[in-house]
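Worksheet: one structure, shown below.
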Amino acid sequence: MKKNVLLSIIVPIYNVEKYIGSLVNSLVKQTNKNFEVIFIDDGSTDESMQILKEIMASSEQEFSFKLLQQVNQGLSSARNIGILNATGEYIFFLDSDDEIEINFVETILTSCYKYSQPDTLIFDYSSIDEFGNALDSNYGHGSIYRQKDLCTSEQILTALSKDEIPTTAWSFVTKRSVIEKHDLLFSVGKKFEDTNFTPKVFYFSKNIVVISLRLYRYRQRSGSIMSKHPEKFFSDAIFVTYDLLDFYDQYKIRELGAVVGRSVMTTLSSFPDSKKLYNELNPIRKKVFKDHISIEKRHIKRIKMYVFSSYVGYKLYSLVKGKHWK
């Protein structure tokens, strides 16, 4: 095993036999090999692990890797196990049905040297379909990727509250020390686990590098469970939003309040037919109303004021904003 690994890539795996090959190939082809990969088998029942083992055995990979296994406990649990087993200075969460560009590691590590080991780095991404073909995407490609190289946590949280950057855990690389120092872990057994994890990472990152390149390849898949049975996830959506509110209550900065407000509106727009969910989250929207509105640009304040004022308003918001859940 290599010593002094700079980057740990955490890859939870669950029933992705159609995509695991392309993911592993994107790792094998990296132009910089100073990284380790921690694969966590989350109780897969298909051929995912067999395919992974065959590719790793037949390829001449120059990076170190670990293969861990657990009974199926979900993405959050697998990621947490990856964190506990990581040895790199930096951590990156890679979804097993996605890919990274072959210069991902090289670009990240070069930026780390250039900016004297920043706490966190964010980067742009491309969308692909199930076959790897490029797709158009409007969400999360904000101007911040082209305007700045080095940002504060407040600037990144502001961009997050405006949907200029995605909230997904795969959209950044962060120091392991940031995660460990502040005991940051994903909420086990909950969907939308990125919603209350990513803002915490950004808050505790005092210097954040912005990379304009699209280094990640996000695969959009059809037929998600959530789209078929949304009511199953109401309690999870409520849990992560209240957890994020608790974090805001602890640190009380405007940018975090705006992120909470954005989380409320994104959740409601994902379930536009649930008045029950609206009533559950209504106390939160009231609490962070001023912070959320204060971040928005003046010309859309009036729209937001109406959206925040009624159940009908948020339903109209959902038609404009669309859905951003994976």
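Observations, loosely collected:
- Within the stretch 24-45, the set of residues being open to solvent by 40 Å² or more (accessible area, probe 1.4 Å) and over 23 Å from R176 (Cα atoms) comprises N25, K29, T45.
- Some residue of the stretch 130-148 being under 21 Å from P12 (Cα atoms), open to solvent by 30 Å² or more (accessible area, probe 1.4 Å) and not in a strand (DSSP E or B): yes
- Meets criteria (modelled with pLDDT of 95 or more, surrounded by fewer than 18 Cβ atoms within 10 Å (Cβ to Cβ) and not small (G, A, S)) for D194: no
- Of the candidates S116, S177, the single residue that is under 22 Å from F35 (Cα atoms), in a helix (DSSP H, G or I) and open to solvent by 60 Å² or more (accessible area, probe 1.4 Å) is S177.
- Those residues of the stretch 51-77 which are under 12 Å from V16 (Cβ atoms) and either touching a residue at least 40 places away in the same chain (Cβ under 8 Å) or open to solvent by 70 Å² or more (accessible area, probe 1.4 Å) (or both), in sequence order: L75
- Considering the stretch 181-191, the residues that are surrounded by 14 or more Cβ atoms within 10 Å (Cβ to Cβ) and at pLDDT 95 or above include one that is farthest from L75 (Cα to Cα), namely L184.
- Taking the listed residues K181, K148, K162, K175, the one that is free of Cβ contacts under 8 Å to residues at least 60 places away in the same chain and among the basic types (K, R) is K181, with no other qualifying.
The values are calculated or read from the model by the stated rules, or taken from the named source; none is laboratory data. What you see is a predicted model; the values in this text were computed from it and never measured. Note: ideal-geometry Cβ built from the backbone for every residue, glycine included; neighbour counts use all protein chains shown. Please note that ligands, DNA and RNA were not included when accessible areas were found on the heavy atoms of the full protein model with its side chains. Shrake-Rupley method; radii C 1.70, N 1.55, O 1.52, S 1.80 Å.
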